[in-house]
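The values are calculated or read from the model by the stated rules, or taken from the named source; none is laboratory data. Keep in mind it's a predicted model, so treat the numbers as computed, not measured. When we count neighbours, we look across all protein chains shown, and the Cβ atoms used for this are built from the backbone with ideal geometry, even at glycine. For the accessible areas, the whole protein counts, side chains as well, though only heavy atoms, and no ligand, DNA or RNA atoms are used. Shrake-Rupley method; radii C 1.70, N 1.55, O 1.52, S 1.80 Å.
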Amino acid sequence: FIDHRETIVQAEPGKVLEAINRFEVGDAPKGCAPLSSSLLLDSKAILIHLKDTFYGNQWIEWRIAGHAAHVTCLTQTVFFYPRGLPGFLYWYLFYPFHFLEFRGLIKSIARQSETQ
């Protein structure tokens, strides 16, 4: 399953990247396991793997693209690979909550970037 969203941030790409790097275990959406690894793909992409859970594996990827001076496009893509029937049920039953959590996560990163 994939949840993808984009937002325009009124900040330079470096500030957005700093805000993403401050993402901590406590910031992970409720119901998600703690982080197991974070990988800087390049200067404009970060991939975080949330620890394997009973329901499946989850990754969050952020991509940063500068558009103009002090304007950045931030994309957030969440990948969920369910484990069996419990994983499918988990995603479908809790999708409305995940939708709100992930929307709040990208807004929080944007807000932190703009206030630095």
Q: Go through segment 67-116 and give me each residue that's open to solvent by 70 Å² or more (accessible area, probe 1.4 Å) and among the acidic types (Asp, Glu).
A: 114
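Is it the case that segment 1-24 has a residue that's more than 21 Å from residue 112 (Cβ to Cβ), of a type in the set (Phe, Trp, Tyr), open to solvent by 80 Å² or more (accessible area, probe 1.4 Å) and modelled with pLDDT of 80 or more?
no
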**Q.** Selection count, segment 53-73, where residues are assigned to a loop (DSSP other than H, G, I, E, B) and among the β-branched types (Val, Ile, Thr)
**A.** 1
Q. Taking only pairs six or more apart or across chains, which ones have beta-carbon atoms under 9 Å, a first residue in segment 74-99 that is more than 17 Å from residue 50 (Cα to Cα), and a second residue that is open to solvent by less than 40 Å² (accessible area, probe 1.4 Å) and aromatic (Phe, Trp, Tyr)?
A. 74/62; 75/62
Q: Could you give me the residue pairs with C-beta distances under 6 Å whose first residue belongs to segment 104-116 and is within 9 Å of residue 10 (Cα to Cα), whose second residue is assigned to a helix (DSSP H, G or I) wherever it lies, and which are 6+ apart or on separate chains?
A: 113/15; 113/16; 113/19
Q: Would you check which residues across segment 74-93 are out of contact with any Asp or Glu (no Cβ under 6 Å at 6 or more places or on another chain) and assigned to a strand (DSSP E or B) and list them?
A: 74, 76, 79, 80, 81, 82
Q: Could you check residue 30 against (1) over 16 Å from residue 3 (Cβ atoms); (2) of a type in the set (Lys, Arg); (3) modelled with pLDDT under 80 and say which number it fails?
A: (1)
Q: Take the residues in segment 33-73 that are touching a Cys at 6+ places or on another chain (Cβ under 7 Å) and under 19 Å from residue 84 (Cα atoms), then tell me which one is modelled with the highest pLDDT.
A: 58
Q: Kindly list the number of the only condition in (1) touching a strand residue (DSSP E or B) at 6+ places or on another chain (Cβ under 7 Å); (2) among the aliphatic types (A, V, I, L, M); (3) at pLDDT below 80 that fails for residue 78.
A: (3)
